[in-house]
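Everything on this sheet refers to the single structure shown next.
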Amino acid sequence: MNQEIQITKLPSQRQQQQELPLPPEGVTIVQDGTSQDQQQQAAQGRHGAVQGGGHGHHHHRSSRKLTVLPLIFLIYFEVAGGPYGSERAVRAAGPLFTLLGFLVFPFAWGVPESLVTAELSAALPGNGGFVRWADLAFGPLAGSLLGTWKYLSCVINIAAYPALVADYLARVIPAVAGGRTRTGTVVGMTVFLSFVNYAGLSIVGWGAVALGLVSLAPFVLMTGIAAPKMRPRRWAVQVDGSKDWPLFFNTLFWNLNYWDSASTMAGEVERPERTFPRALAVAVVLIAASYLLPLMAATGATDAPPDTWANGYLADAAGIIGGPWLKYWIEAGAVVSSVGMFEAQLSSGAFQLLGMAELGLLPAVFARRATLSGSGTPWVAIAASTAVTLAVSFLGFDVVVATANFLYSLGTLLEFAAFLWLRASRPDLKRPYRVPLSSLPALAAMCAVPSAFLAYVCVVAGWRVFALAGGLTALGVGLHGAMRLCRSRKWLRFKTGVVAAAEDHHQQQGDVVVVSAGDRV
């Protein structure tokens, strides 16, 4: 089908209400000057009723939008969830380099990505986040491919958390350690935790606040108890033999990525042009402190050599510093943190699918929202993400996790390219929040440091990772082609008013955009 876009100069709001005729069947009108909520409601097109987008439901969903505090803790769990897993950096390069790494890396890596996320989430405040950015900058294929890379990386991460919970339960219930009992535990935890997401993003957000406070509390206590026992000379202890720099940098990367994940839920955030910059700024400081302070305490108050720092050693260090009760609390905090990361990242993945469906990159069924509960939950997207997570849970994780890092790196490089391209090619795009750098070379320099690290992650990947990532990328291109075919043959139902993309192209210019059914994908 051909896409028809009619653009006229926007008269006053009163004239709009009096003079604009009703759109013909199959056509959706989007007007500049509408609120974000109105734009999102318009973006649902003539299928709003199917998706639970009635007027009363719309107002109910508006009252449940994310504010600053829940968004801070959702970002916290999407990026970090606490210092669990950071122990391998000490083993690889020693305490001093680990402390320097977790001091510098959140700012050298996290700040540029956070600034890009804040600017583009405010400029294009719809669900789907980075998919919308790439789609606007480079077209539907780029948006679909970026969505594939990031989504696969996300679900691989999600699949690790129920397995981690099962590992901790096995310490209390030995039967969970292996066999069918472990499999049943992983499946049961995945299904149970996914049902929590059906309660709605507002509940997940405030739940993340509670989980974050509970999981951070034992580290605050450990740092306070350790303060008088810390000796700076312990931070200078060296590893035996040569330093394992690939392990060191991969550990930093694994613990401090996914700053952009919250962008997929931008359509659910109250006043994103104000909320995103504030939440990301606080989250950068919170995450840096949540790693740096416990690591300073554990390395400075104990005499353990670096080769004893395996995953889980922070709990052992807490036992040395404060006693068994603190050790058990930190072990319990690992379970709480895993639950928080599962919920936050499942929400991000589900709203990414919803946003891709609103763009016409996926069938319209993925944009369906729950209507009975009034939560507006994208229940089909959550169910699909849960199914993919269960499938990934039973794969071998060594190569798969490295592949997730590789795909994430490719996606983020494309994301930075979209940011720079939109700054150069779309200076007219309204940006309620702008990265405080005016020139394109300065912006490119800002993106250069994290881009260099992303390139390093890609280069050091082994041939198995290259092969698997290449196959998954080919799968993403094939999926895009399949969606084009299904749309042209009408085998599947897609959003008939392709408003989301046209809205991104034209809502900033004071235009009336009339979009009929079309083939974008």
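The values are calculated or read from the model by the stated rules, or taken from the named source; none is laboratory data. None of these values were measured; they are calculated from a predicted model. Counting neighbours? That spans all protein chains shown, and the Cβs are built from the backbone with ideal geometry, glycine included. Ligands, DNA and RNA are excluded from the accessible area calculation, which covers all protein heavy atoms including side chains. Shrake-Rupley method; radii C 1.70, N 1.55, O 1.52, S 1.80 Å.
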Given the conditions (1) modelled with pLDDT of 90 or more; (2) at negative phi, report the number of the one that GLY129 does not fulfil.
(2)
Restricting attention to segment 476-495, which residues are open to solvent by 70 Å² or more (accessible area, probe 1.4 Å), touching a residue at least 24 places away in the same chain (Cβ under 8 Å) and charged (D, E, K, R)?
ARG484, ARG493
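Conditions (1) surrounded by 24 or more Cβ atoms within 10 Å (Cβ to Cβ); (2) in contact with a Ser or Thr (Cβ under 8 Å, 6 or more places away or on another chain); (3) modelled with pLDDT under 95; (4) more than 30 Å from GLY128 (Cα to Cα), marked per residue:
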| residue | (1), (2), (3), (4) |
| --- | --- |
| GLU273 | no, no, yes, no |
| VAL282 | no, no, no, no |
| LEU286 | no, no, no, no |
| ALA289 | no, no, no, no |
| LEU293 | no, yes, no, yes |
| ASN311 | no, no, yes, yes |
| LEU314 | yes, yes, yes, yes |
Do you know which residues across segment 170-216 are closer than 21 Å to ALA315 by Cβ and in contact (Cβ under 8 Å) with a residue 24 or more places away in the chain?
ARG171, MET189, LEU211, GLY212, VAL214, SER215, LEU216
Determine whether LEU292 is farther than 24 Å from TRP206 by Cβ, part of a helix (DSSP H, G or I), touching an Asp or Glu at 6+ places or on another chain (Cβ under 7 Å) and not charged (D, E, K, R).
no
Check on LEU390, within 14 Å of ALA159 (Cα to Cα), assigned to a helix (DSSP H, G or I) and within 15 Å of the chain's Cα centre (by Cα)
no
Scan segment 400-455 for residues that are touching a helix residue (DSSP H, G or I) at 6+ places or on another chain (Cβ under 7 Å), open to solvent by 50 Å² or more (accessible area, probe 1.4 Å) and assigned to a helix (DSSP H, G or I) and jot them down.
LEU413, TRP421, ALA424, LEU440, VAL449
Which pairs do you get when a residue that is more than 13 Å from GLY300 (Cα to Cα) and in contact (Cβ under 8 Å) with a residue 12 or more places away in the chain, found in segment 217-241, comes within reach of a residue that is open to solvent by 70 Å² or more (accessible area, probe 1.4 Å) and among the hydrophobic types (A, V, I, L, M, F, W, C), reach meaning Cβ atoms under 6 angstrom, with the pair 6+ apart or on two chains?
PRO218/TRP329
Would you say LEU353 is at pLDDT 90 or above, over 24 Å from ASN255 (Cβ atoms) and open to solvent by less than 10 Å² (accessible area, probe 1.4 Å)?
no
Would you confirm whether or not segment 298-306 contains a residue that is outside any helix (DSSP H, G or I), open to solvent by 10 Å² or more (accessible area, probe 1.4 Å) and of a type in the set (Asp, Glu)?
yes
What residue, of SER375, SER348, SER385, is touching a residue at least 60 places away in the same chain (Cβ under 8 Å) and in a loop (DSSP other than H, G, I, E, B)?
SER375
